[in-house]
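A short worksheet on the structure shown next.
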Amino acid sequence: MTLSLPTSELDIVIFGGAGDLSFRKLLPALYMAHLHERLPASARIIAVGRQPWSREQYLDFIGARSPQFIEAPSFDAVSWDGFVQRLHYVSLDVTDAAAYAALQALGLSAVQRVFYLATAPGLFTGICAHLDAAGLLDAHSRVVLEKPLGTDLASAQAINTEVARHFREEQIYRIDHYLGKETVQNLMVLRFGNAMFEPLWRAPFIKSVQITVAETVGVGSRAGFYDGAGALRDMVQNHLLQLLCIVAMEQPISLDADDVRDEKLKVLRSLRKMDLADIRRDTVRGQYGEGVADGQSAQSYQQEEGVAPGSRTETFVALRAHINNARWANVPFFLRTGKRMAKRHSQIIIEFAEQPFSIFGAGPKHQPNRLIITLQPEESIHLGLMVKEPGSGMNLHPVKLELDLQSSSDKRRAEAYERLLIDVIKGRLTHFMRRDELEAAWRWIEPILDGWQALDDKPRPYAAGSWGPAASSALMARENLSWFEET
Ligand code: BG6
């Protein structure tokens with residue numbers, strides 16, 4: 001077999017190379033890495049897909065799609081042309097062992113190989129086995145596993161066990177792109193790089209924590225996957241629990257991957273398991289109906305293409321979690337996520353305890369201090385404080401101490417996928433999930449899924465463009481709290 005390409009310093013092989021994730025996120029991220037000279041000059045990107053395309057057909061396909069996902073000032077046709085020189089396309093049926101000869105024929109890099117599995121998780125183990133059998137793995141190869149890694153604990157364990165036959169744990173990068181977001185990484189610096197927060201970062205000084213990831217988009221073209229998954233598996237099991245871990249973990253002894261992951265694991269293992277009574281009281285499932293989202297009329301989930309008639313899949317979840325340790329004793333963590341909500345808005349709210357005693361008497365109500373960490377659409381950190389209202393008297397007035405992260409530095413802020421891909425290339429595992437972490441998250445989530453089934457829980461309807469079902473506000477109101485929805 002002829003080696004049609006010269007040996008490179010790095011090959012990134014993307015399985016699912018023509019899929020949604022590839023053209024929306026991975027190729028734009030790699031383009032940015034190329035533009036900013038973060039890829040070795042000879043690095044190649046090899047997209048693997050089922051479609052029987054030539055390289056030119058593949059380039060036409062992504063050329064018509066990816067550029068719109070690259071921010072305007074960064075995209076230019078000349079750089080794009082330079083970028084696509086790195087791109088190759090291999091058409092193969094990933095379930096056919098013999099087909100991997102097409103990858104062998106490329107003479108993969110002897111220096112570094114990254115295999116990015118952006119396919120359905122059901123294909124992960126077969127791909128790893130076929131790569132191994134075809135002699136395409138070496139001791140330095142790395143594999144990136146996209147979420148969702150399984151649909152429950154058993155399937156996640158099965159994938160992990162099979163992948164471990166072909167890769168050592170330190171070669172495996174389980175990606176959760178929320179861990180690549182600038183503000184999420186910044187949260188660790190905020191907590192552990194500032195002396196003022198740590199003494200207060202616990203019960204009883206913190207009264208509650210809210211984590212909201214609200215999207216305005218609907219299920220789009222992903223009903224095939226989403227209708228069998230739902231918001232708890234798609235968002236809570238991974239993104240929201242990872243955010244909770246970073247808020248709640250103890251200070252790791254270093255930033256080394258295992259030190260950070262050990263601390264996150266402890267949080268996941270300390271989450272109080274829910275029984276049926278807890279599930280009935282402390283979880284809310286919702287499904288969007290018709291409405292207006294992003295200023296346009298939106299159809300209901302049931303009307304979306306590919307959704308099973310009468311589907312009970314939740315597109316919204318709100319729940320109240322507890323961490324069984326001294327730091328977080330009796331501090332509720334409220335998690336909420338949904339599609340077709342009022343705003344695209346991801347925030348972490350740390351609500352501090354009220355002043356135990358006020359010398360200011362009647363007048364405007366004393367508001368509790370809140371630390372508001374906004375992940376998107378803009379990145380910012382606000383601290384809500386009380387000041388004196390100007391004028392005579394000693395009236396209180398709430399203000400925000402604002403930190404606009406966008407304008408706090410001239411340095412370019414890379415998107416999550418670019419940052420994480422560079423971490424893979426550099427062998428930095430800190431912002432990826434370890435096997436035990438992922439399985440601990442499933443161990444906590446699975447009883448909720450089972451409980452919903454046992455309770456025959458139907459999702460509550462909510463109008464597209466709203467903040468979710470009324471029961472979600474009731475969950476907070478029970479404790480005299482409310483969801484924070486300001487931007
Ligand atoms: C993905 C989910 O992991 O995250 C999607 O599968 C969701 O359903 C997406 O839309 C949200 O990511 P972001 O970065 O846009 O908040």
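Which lysines does LYS147 reach when only Cα atoms under 27 Å apart count, and residues fewer than 8 places away in its own chain are ignored? Cα-Cα hits under 27 Å: LYS25, LYS181, LYS264, LYS266, LYS273, LYS339, LYS343, LYS426, LYS458. All C-alpha to C-alpha distances of the chain, sorted into 10 Å bins beginning at zero, yield P(r) values of 4, 18, 28, 26, 16, 6, 2, 1, 0 percent in whole numbers. Of the peptides 431-438, 311-318, 96-103, the order by per-residue mean of other Cβ atoms within 10 Å, starting with the highest, comes out as 311-318, 431-438, 96-103. Taking all protein chains together, LEU244, LEU200 sort by accessible area into LEU200, LEU244, largest first [probe 1.4 Å]. Rounded to two decimals, the Cα-based Rg/Rh of the stretch 49-108, with Kirkwood Rh, is 1.07. Counting only heavy atoms of the protein chains and using a 1.4 Å probe, SER91 has close to 50 Å² of accessible surface.
Taking all protein chains together and a probe of 1.4 Å, list VAL284, VAL189 from the most accessible to the least accessible.
Values: VAL284 10, VAL189 90 Å².
Ranked list, largest accessible area first: VAL189, VAL284.
Take every DSSP beta bridge whose two residues both sit in the chain; close to 55 percent of them are antiparallel. Each listed q (0.19, 0.29 Å⁻¹) maps to a log10 I(q)/I(0) for the stretch 270-325 from the Debye sum over equal C-alpha point scatterers, namely -0.77, -1.15. Measuring with a 1.4 angstrom probe and ignoring ligands and nucleic acids, ASP256 comes out at about 100 Å² accessible.
Shape annotation for the stretch 186-290: C-alpha extents along the principal axes are 48, 32, 24 Å, from largest to smallest.
Expressed as a fraction of 2.2 N^0.38 Å, the C-alpha radius of gyration for the stretch 11-146 is 1.01.
The values are calculated or read from the model by the stated rules, or taken from the named source; none is laboratory data. Only a predicted model underlies this, so the values are computations on that prediction, with no experimental measurement involved. For neighbour counting, all protein chains shown are included, and Cβ atoms are generated from backbone atoms with ideal geometry for every residue, glycine included. Note: areas computed on protein heavy atoms with side chains; ligands, DNA, RNA excluded. Shrake-Rupley method; radii C 1.70, N 1.55, O 1.52, S 1.80 Å.
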